[in-house]
Amino acid sequence: MSNQEIKDRRPIRELIQTENAPNAVGTYSQAVSAGGFLYTSGQVGINPSSGEIESKDVKLQCLQVLKNILAILEARNLSLVNIVKLNVFLKDLNDFGDLNDTFKEFFGDTNYPARSTVEVAGLPLGARVEIDCIAIES
């Protein structure tokens with residue numbers, strides 16, 4: 001198979017970048033649109049204005065993460081209702097209750113996406129929570 005044939009068979013994807021969410025802190029894109037879905041990279045609680053994680057409080061970090069995800073969605077004219085799945089990584093699973101409280105505040109009482117939550121040994125920049133998102137683009 002020629003290089004051109006390989007290129008022609010690749011799925012069409014678009015890299016997403018917005019100034020309203022933090023820049024990547026590594027070799028990845030904020031998000032990728034492909035196959036009718038938007039896939040975000042893991043977001044930590046960086047305030048895009050300052051470029052810093054401004055709080056050690058897990059609820060405030062989680063809220064900032066969700067705002068960052070929403071900013072990426074909005075760059076594609078999407079909203080919270082487009083989210084189908086969130087993967088949550090917590091530094092300490094004892095923060096699970098705070099995570100749930102923040103989700104109730106952010107999503108309301110009934111608009112919850114599917115979600116997985118796991119405890120991890122560490123996160124970038126000393127973050128206490130990281131979340132990635134899969135959203136449908138229709």
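Key figures for this structure:
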read-out: Within the chain, helix-based [θ] at 222 nm, where runs of 4 or more DSSP H residues each add -39,500 (n - 2.57), nearest 500; value: -8000 deg cm²/dmol
read-out: Nearest-20 debye value, the chain charge dipole, Cβ charges on Lys, Arg, Asp, Glu; value: 380
read-out: Other-chain or far-sequence residues with amide H under 5 Å of residue 37's (modelled H); value: 137
read-out: On Cα atoms only, tilt of 96-107 relative to the major axis of the chain in degrees; value: 70
read-out: Neighbour-count order for 95, 57, 109, fewest beta carbons within 10 angstrom listed first; value: 109, 57, 95
read-out: Longest site-free stretch - the chain; sites: GluC sites (Glu not before Pro), DSSP loop, at most 15 other Cβ within 10 Å; value: 55-136
read-out: Fewest-first sequence of 49, 41, 138 by Cβ atoms within 10 Å of each Cβ; value: 138, 49, 41
read-out: Ascending count of other beta-carbon atoms within 10 Å, so fewest first, for 118, 58, 81; value: 118, 81, 58
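A short reminder: the numbers here are calculations on the coordinates, not readings from a lab. Values in this document were obtained by computation on a predicted structure and should not be read as measured data. As a convention, Cβ positions derive from the backbone with ideal geometry for all residues, glycine included, and neighbour counts pool all protein chains shown.
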